[in-house]
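The values are calculated or read from the model by the stated rules, or taken from the named source; none is laboratory data. Just so it is clear, the structure is predicted and the values come from calculations on it, not from any experiment. All Cβ positions, glycine included, derive from the backbone under ideal geometry; neighbour counts span all protein chains shown. Quick note on the areas: whole protein, heavy atoms, side chains included, nothing else; ligands and nucleic acids left out. Shrake-Rupley method; radii C 1.70, N 1.55, O 1.52, S 1.80 Å.
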Amino acid sequence: LARFPFDSLLDFKAGTLRAGAAAPEVQKVTRRLSDLRDAFRDQAAVERLLAEGDPLLYEVYNVPVPEEGGELQHCTSIIQPGVVGEEFFMTAGHFHTQLATAEIYLCLRGQGILLMQEQAGNATALEMYPGVVSYIPPERAHRSVNTGMEPLVLFCVYPGDAGHDYGTLRKKGFARLVLRDGAGYRLASNPSYG
Ligand code: MN
């Protein structure tokens, strides 16, 4: 990947990113329920939804830049509305491989919860809605949860060499669940955490 100035075009409503002139091709990642089947608590609901057609959970549009210190990775995430049992659609969540790297989210559309968690398990939840800039300090796992009725669209910026560690959370899970509660949400302790 060459170092040269470029721009990308962000559709605030759809959340899609596409390459501007001289920009590297934007990479799109798609995650369906079958990709995250173990992440949800209600496994009977997982099986029902998979039998009905494996719903789309989220997409990430990533602008490829060098994975080096001094660079800034940037992407959008589009998380669909919906529930698995009582648990809202969400991203897999990750630590950064370089633990001492932070991240910024800017919410452009929808409403949701940004779940964060230290390695020792201490969890924090911040609300996201259009205009909210969320700061994820170093050494926090992070997961985005759509608690609304429309797509949750986020723009993200993080250090070039941060990297992604999905394995730690896949093994331990998140200490908090975000569950539907009437027209809103509630946070609950995850009985199978750890
Ligand atoms: Mn991250």
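The table for this structure:
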item	result
Residue satisfying all of: in segment 23-46; farther than 30 Å from residue 188 by Cβ and open to solvent by 70 Å² or more (accessible area, probe 1.4 Å); nearest to the chain's Cα centre (by Cα) among these	28
Positions within segment 167-183 being within 16 Å of the ligand (Cβ to nearest atom), touching a strand residue (DSSP E or B) at 6+ places or on another chain (Cβ under 7 Å) and farther than 14 Å from residue 90 by Cα, in sequence order	168
Selection count where residues are among the acidic types (Asp, Glu), open to solvent by less than 60 Å² (accessible area, probe 1.4 Å) and over 19 Å from residue 61 (Cα atoms), scope segment 130-175	0
Within segment 54-66, tally of residues that are modelled with pLDDT of 95 or more and not in a strand (DSSP E or B)	2
For residue 178: the one exception among (1) among the β-branched types (Val, Ile, Thr); (2) without any contact (Cβ under 8 Å) to a residue 40 or more places away in the chain; (3) open to solvent by less than 30 Å² (accessible area, probe 1.4 Å)	(2)
Search result, residues across segment 76-86 that are surrounded by fewer than 20 Cβ atoms within 10 Å (Cβ to Cβ) and either closer than 18 Å to residue 142 by Cβ or touching a residue at least 60 places away in the same chain (Cβ under 8 Å) (or both)	80, 81, 82, 83, 86
Count - residues of segment 92-117 that are open to solvent by 20 Å² or more (accessible area, probe 1.4 Å) and more than 14 Å from the ligand (Cβ to nearest atom)	3
Residue in segment 176-193 that is within 24 Å of residue 29 (Cα to Cα) and basic (Lys, Arg) present	no
Qualifying residue in segment 77-91 (condition: in a strand (DSSP E or B) and within 13 Å of the ligand (Cβ to nearest atom))	yes
Every pair of residues 6+ apart whose Cβ atoms lie under 8 Å, when the first sits in segment 130-156 and is acidic (Asp, Glu) while the second is exposed (fewer than 13 other Cβ atoms within 10 Å of the Cβ) and assigned to a loop (DSSP other than H, G, I, E, B)	139/100; 139/119
